[in-house]
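Structure first, commentary second.
Only the coordinates and a few stated rules stand behind these numbers; no lab work does. Treat the numbers as computed from the prediction; the structure is a model and nothing was measured. Counting neighbours? That spans all protein chains shown, and the Cβs are built from the backbone with ideal geometry, glycine included.
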Amino acid sequence: MGERVCIITGAGAGTGAAVARRFSQGGYKVAMLARDSERLEKLEKEIVNSHGFQCDVADIEAFKRVLKLVKKQVGSPTVAVHNAVAGRPFSTILDADPEVFEYQFRVNTKALMVLAQAVVPDMITEKKGVILVTGNTSAWRGKANFSMFAPTKAAQRILAEAMARDLGPKGIHVAHFTVDAAIDTPLTRPTIFPDAPDDFFAKPSDIADTMYHIAHQKESAWTFSLDLRPSKEKW
């Protein structure tokens, strides 16, 4: 673990790409996992010391193989960011599809466990490491039409908390971020909130800056749970 390596699941066009850029700027080698190979190729050209790995984290066995490949080709991660998310379609409990629910659980929660099991042994050996989890408001409350999504994000937060209490004494900092906002991405702005002003959105680069800061806190004052929202967000 001589080199600093950051692995990111869900390296999409929003938060994932912004986190990859920020850690690259901080001198990290970056391993980016996403389903879209074309996006990964584009990000590899844009981001210094970045390496793309096509992967659907819902395919757990394929995910495990890619995690081994990352360690072999890029290095053992010193920072792991679980940003992959599955959250659509929304539905009431009567409309919910158990198969879709199980898929979302695999992406949001089970994949976090698999990621941790892959990176933690080397972190324990070195007595240092960071695991960052991007969550949202659904991790704290269930609302109508969120019967499949909210339970998986709540489970993700609880898993992260259990990991933090287990791994903190071993030198590994685990942190969970509740992004209580619409994130400014190519999807959310034009298709979901086309008329919203700029200050309605959380900027991916600002989220990434905060996550980078948390990843480098001194161990006497670690943050576990952090809420992020724009100044004008109603809460």
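Points worth noting:
- Among 64, 153, 143, the residue with the largest mean-square fluctuation in a Gaussian network model of the chain, with springs joining Cα atoms closer than 10 Å, is 143.
- Look at the alpha carbon pairs under 8 Å that are at least 6 residues apart: their mean separation over the length of the range 1-127 gives a relative contact order of 27 percent.
- Each Lys and Arg contributes +1 and each Asp and Glu -1, all at the Cβ; summed about the Cα centre of the chain, the dipole is approximately 580 debye.
- Most mobile of 223, 92, 137 in a GNM of the chain (Cα contacts under 10 Å): 92
- FRET efficiency estimate (nearest 0.05) - Cβ-Cβ, residue 229 to residue 13, R0 25 angstrom: 0.75
- In Å, descending, principal axis extents of the Cα set of the range 5-228: 47, 36, 36
- Built amide H within the under 5 Å cut-off of residue 202, gap 5+: 182, 183, 184
- Most mobile of 43, 167, 69 in a GNM of the chain (Cα contacts under 10 Å): 69
- Counting all C-alpha pairs of the range 50-104, share separated by more than 16 Å (%): 55
- For residue 228, the residues whose modelled amide H falls within less than 5 Å of its own, excluding neighbours fewer than 5 places apart on the same chain, are 178, 179, 180.
- Ascending count of other beta-carbon atoms within 10 Å, so fewest first, for 163, 211: 163, 211
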